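Taking it in order: structure first as structure tokens, then the write-up.
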Amino acid sequence: MSSFVRNEYVVRAIRPDDWERVKELRLDSLRDPVAHLAFLETYENAVAKPDSFWQDRAVTSGEGSTTARQFIAETADGSWAGSVTVLLEEAGSKDWAGFAVERRQGHVVGVFVRPEHRGNGLIESLFQAGVSWAWERAAERVRLFVHEDNARAQGAYRKMGFAPSGLVVSFSKDEAEQELEFVLERPV
């Protein structure tokens, strides 16, 4: 898989030996002020996971994986500015939340861009890598879920061509909090 370059960033798939940095970026994302809207996991739960969890995650979503791929944006000094992960879901299976999957699709999760790198188009480069990977694997569409109150994220997803599908679900204990499914159909 080739890397995408945007200005001072190189967007690439993670490698198995990146596991410590995968862990660091995830923990940083869970400390973000809007993490409660953006992620289903808490910092406390993630930090308690053993290193073996992070090592496995870097293997199962890194270069060479055929079912998931995590892309990171790396700066010229080697720091990681953001990340997007795409899971490949097969028709006839159930997704991670137990919902039936009707067609082969990519499912975007774990979207995060460090605050100092937001607003400059980096998110589009991360999504370009992730969506291209899904299309290369014959996905018919790519989807994601976004909290109903996360207007900034919804705006970014709409700008990249995603649109609400009409599916609204609750992933939290508070049934009043809703997640909206946004989809991007495969170009004809």
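The values are calculated or read from the model by the stated rules, or taken from the named source; none is laboratory data. Note that the coordinates shown come from a computational prediction; the quantities given were computed from them, not determined experimentally. Every residue, glycine as well, gets a Cβ built from its backbone with ideal geometry; the counts of neighbours run over all protein chains shown.
You will find that of Gly62, Gly110, the residue that is touching a residue at least 12 places away in the same chain (Cβ under 8 Å) and touching a Pro at 6+ places or on another chain (Cβ under 7 Å) is Gly62 and no other.
The residue list Ala13, Ala58 contains one member that is under 13 Å from the mean Cα position of the chain (by Cα) and over 30 Å from Glu148 (Cβ atoms), which is Ala13. Please tell me if Ser125 is farther than 22 Å from His36 by Cα, of a type in the set (Ser, Thr, Tyr) and in contact (Cβ under 8 Å) with a residue 24 or more places away in the chain. Taking the combined requirement at face value, the residue satisfies it. Taking (1) surrounded by fewer than 20 Cβ atoms within 10 Å (Cβ to Cβ); (2) modelled with pLDDT of 95 or more; (3) of a type in the set (Ser, Thr, Tyr); (4) farther than 16 Å from Leu87 by Cβ in turn, Ser170 satisfies each apart from (2).
Residue-by-condition table, conditions (1) touching a residue at least 40 places away in the same chain (Cβ under 8 Å); (2) in contact with a Leu (Cβ under 8 Å, 6 or more places away or on another chain); (3) farther than 24 Å from Asp17 by Cβ:
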residue: Glu44; (1), (2), (3): no, no, yes
residue: Ala58; (1), (2), (3): yes, no, no
residue: Thr67; (1), (2), (3): no, yes, no
residue: Leu88; (1), (2), (3): yes, no, no
residue: Trp96; (1), (2), (3): no, yes, yes
residue: Ala100; (1), (2), (3): no, no, yes
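All conditions but one from (1) under 27 Å from Arg12 (Cβ atoms); (2) of a type outside the set (Gly, Ala, Ser); (3) in a loop (DSSP other than H, G, I, E, B) apply to Glu177; the one that does not is (1).
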